[in-house]
């Protein structure tokens with residue numbers, strides 16, 4: 001279909017699909033270099049970022065499958081060289097680079113991943129020298145985790161056979177190179193710790209490139225070495241090769257052969273040590289026996305017939321027995337006198353006498369209280385009589401007995417004290433000393449106010 005020769009109306013979806021097809025067909029394998037910005041690492045496992053230079057920027061995405069193969073950790077500002085294909089993200093109408101390979105510009109990806117992981121584990125304390133344990137001086141059984149067909153296991157066995165042939169060795173065969181080798185070695189470490197059959201573990205392999213040794217730079221293996229309860233010797237590569245496993249292990253050996261020499265001293269060295277200890281022990285025993293012999297001789301000279309000492313001690317016992325008898329008699333007499341004295345004091349302070357004394361005191365106080373109460377009641381009666389007389393003088397009822405009455409306006413039940421409040425026809429209630437009356441006002445006589 002020629003969309004330019006005639007008026008062809010396309011939907012946005014159709015046009016976007018056409019553009020995506022053109023881009024994917026012509027840019028399916030491109031290499032791009034730029035600086036990372038707007039890096040995003042969501043939980044889905046995909047990686048989103050933009051590559052930019054001084055004049056432009058390009059959206060990029062690394063899907064989860066490809067992201068698993070990236071050895072280093074991208075970061076904003078890092079210069080990258082990426083490989084991928086150009087495509088269009090339909091929902092936004094943006095073109096983007098779908099990356100399948102990333103490498104840092106100017107430094108190898110594996111080397112950068114090594115540096116990043118080393119810095120991370122160092123900050124977490126996995127390389128701390130204080131947590132590393134010394135090797136047991138006389139291990140009974142040695143564990144070796146390595147390839148069963150590599151040169152490393154033969155070097156270790158040859159050295160130990162020459163130095164200490166009676167040491168028991170348990171070999172755990174694993175792959176030491178390739179995808180998944182690090183996880184396999186880590187599981188071997190965990191299994192050896194679970195079985196707990198050896199006193200020391202050697203983990204290693206022969207030399208090789210950085211790629212060949214990469215299994216010993218994986219974080220999974222480093223953490224397995226850190227968690228190991230059995231001391232671990234790392235023997236990876238040659239003397240100049242360093243791996244993450246070397247930093248975490250309790251001891252780093254430059255080569256597998258050197259690791260075997262570090263595990264245990266040779267039989268000849270043990271024999272020389274035993275001879276030296278035997279010689280020192282013999283001299284110490286001779287010196288000790290000489291000192292004890294001299295002491296026995298001196299003590300023998302000091303020994304004499306013990307019968308005299310026993311007689312003196314028997315006499316001393318008789319003397320002390322007599323003194324003890326006299327002391328007991330004296331003490332008993334003194335305590336008897338003290339008992340008699342205490343008995344007299346107790347009789348003097350008998351509770352029965354105290355109770356009688358307190359009973360008499362209580363009776364006296366009761367009598368005094370009764371007299372005071374009677375006197376107070378008489379005083380209150382007199383005061384009450386005086387108050388009653390005063391109230392009777394001031395009582396309005398007393399006034400009524402002299403012929404006066406109280407006029408109350410029935411409309412509001414108020415006492416009338418001024419004739420000016422009354423009008424003709426008002427109903428009044430008159431209260432006398434005995435009884436009362438209801439009156440109707442026929443005429444109001446108002447008095448002049450002073």
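We did not get these values from a lab; they are worked out from the coordinates using the rules stated. Since we're looking at a predicted model, the values are computed, not measured. Ideal geometry is used to build each Cβ from the backbone, glycine not excepted, and the neighbour counts take in all protein chains shown.
The figures follow:
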read-out	value
For the chain, calculated [θ]222 nm from helices alone, where every DSSP H run of n ≥ 4 adds -39500 (n - 2.57)	-16000 deg cm²/dmol
For region 125-174 versus region 22-94, the gap between their alpha-carbon centres in whole angstrom	46 Å
Mean separation of Cα contacts under 8 Å (6+ apart) over length of the chain, as relative contact order %	8 percent
Principal-axis tilt of helix 151-163 within the chain, Cα atoms, nearest 10 degrees	90 degrees
Degrees separating the helix 267-302 axis from the principal Cα axis of the chain, which is the longest one	60 degrees
Rounded FRET efficiency, nearest 0.05, which uses the C-beta distance separating residue 369 from residue 440 and R0 of 60 Å	0.40
Potential lengthening between residue 141 and residue 300 on full extension [0.36 nm per residue; Cα-Cα distance subtracted]	51.8 nm
Net lengthening on full extension, residue 56/residue 289 (0.36 nm per residue, minus Cα-Cα)	74.4 nm
Shape parameters for region 1-96, alpha-carbon atoms, Rg then Dmax in Å	16.0, 52
For region 176-215 versus region 404-450, the gap between their alpha-carbon centres in whole angstrom	127 Å
Globularity ratio of region 121-162, using Cα Rg and 2.2 N^0.38 Å	1.65
Rounded Å value of the spacing that divides the Cα centres of region 327-361 and region 282-324	56 Å
Ranked list, fewest to most other Cβ atoms within 10 Å of each Cβ, for 123, 71	123, 71
Normalised contact order of region 30-113, rounded percent, pairs of Cα under 8 Å and 6 or more residues apart	30 percent
Pairs of Cα atoms farther than 17 Å apart, region 78-205, %	74 percent
Whole-number Å³ per residue for the convex hull built on Cα positions in the chain	748 Å³
q = 0.19, 0.20, 0.30 Å⁻¹, region 395-450: log10 I(q)/I(0) [Debye, one scatterer per Cα]	-0.72, -0.78, -1.19
Distance histogram for region 139-264 (every C-alpha pair counted, 5 angstrom bins, percent rounded to whole numbers)	2, 13, 25, 28, 21, 9, 3, 0
Residues 343, 184 arranged by fewest to most Cβ contacts within 10 Å	343, 184
Förster radius 45 Å - calculated FRET efficiency between residue 404 and residue 381 (Cβ-Cβ, nearest 0.05)	0.90
Principal-axis tilt of helix 12-26 within the chain, Cα atoms, nearest 10 degrees	30 degrees
Contour minus Cα-Cα distance for residue 162 and residue 64 (0.36 nm per residue)	30.1 nm
